[in-house]
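Quick note: the coordinates plus some simple rules give every number you see, no bench work behind them. Note that the structure is predicted; figures quoted are calculated from it, not measured. Don't worry about glycine lacking a Cβ; one is built from the backbone with ideal geometry, like all the others, and counts go over all protein chains shown.
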Amino acid sequence: MKVDAVILAGGTLKGSKQKKAFVKIGEQTLLEKCVQTLGECSPVAQIIVASDTGDLLQNIVNALEKVKSEKALLVASDIPFVTAGHIDEFLNSCSKVKADIYYPLVPKSSMGEFGAMKRTYFKLDRTDFTGGNIILVTKSVFLANIDLARKIYENRKSPLKLAQIVGLYFLIKLALGRLSVSEAEQKTTKIIGGQVKGIIIPRPEIGSDIDKEEDLHFFKALYEGSNK
């Protein structure tokens with residue numbers, strides 16, 4: 001599977017005007033590290049850095065216009081511990097099933113030292129997951145659902161608000177922790193008119209991003225500790 005990759009390089013640290021993409025951990029900025037990592041991924045054909053207009057969804061739309069492959073890999077720039085191997089593993093898992101949207105589900109039990117970070121978790125199949133910060137999409141299907149994508153993005157930190165988009169029954173089952181991965185896939189597939197697949201991947205690096213100063217301090221300490 002050959003895909004073009006789009007790096008989402010916008011956004012600032014919460015409580016700061018500092019642009020996340022240009023924050024440094026070690027000798028590299030987060031954006032430089034992301035470009036390097038994707039450049040080491042054999043399935044990635046082209047790397048496109050989405051311009052930062054202040055509107056994430058519009059940034060993605062603008063970048064997707066440059067994508068030549070049928071599918072595009074959307075990657076947040078603020079996941080500095082993700083390796084080419086992690087991305088290859090995700091894409092390899094995606095290649096085994098036919099879908100239009102592939103979303104990584106990282107089990108809480110696999111978070112290890114990254115579990116010390118404050119994350120949003122949701123329960124599927126009686127297992128706690130956090131969402132990953134990369135996603136593989138079919139270009140045409142994503143663009144056809146851009147309004148829905150905007151609603152999802154605006155409520156991305158609230159599993160309950162996300163569930164409201166897909167109905168009360170779904171909401172209740174999610175709240176009670178009785179929703180299955182397959183039920184979530186079937187419901188979202190019906191809504192967007194394209195097959196959605198959750199990819200369970202026990203790689204905490206994919207589920208750990210930098211939202212605020214506290215997260216940045218955590219990653220810097222982890223980096224410094226690994227380089228002693």
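Summary of computed values
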| quantity | calculated |
| --- | --- |
| Assigned charges on the beta-carbon of Lys, Arg, Asp, Glu; region 124-169 dipole about Cα centre (debye) | 120 debye |
| Most to least packed among 99-107, 195-203 [average Cβ atoms within 10 Å] | 99-107, 195-203 |
| Given charges at Cβ of Lys, Arg, Asp, Glu: the chain dipole, positive-most of Pro107, Ser140, Thr189 | Thr189 |
| Net charge dipole size for region 6-100 [Lys, Arg +1 and Asp, Glu -1 on Cβ; Debye, nearest 20] | 180 debye |
| Within region 3-226, percent of DSSP bridges classed antiparallel, to nearest 5 | 50 percent |
| Sorted peptide list for 67-80, 1-14, criterion being average Cβ within 10 angstrom, highest first | 67-80, 1-14 |
| Ranked Leu30, Leu171, criterion: other C-beta atoms within 10 Å, fewest first | Leu171, Leu30 |
| Check: the chain dipole with +1 on Lys, Arg Cβ and -1 on Asp, Glu Cβ, in debye | 620 debye |
| Identified option (computed P(r) over Cα pairs in 10 Å bins from 0, in percent; candidates (1) 8, 33, 39, 19, 2, 0; (2) 8, 27, 30, 23, 11, 1; (3) 9, 37, 40, 14, 1) | (1) |
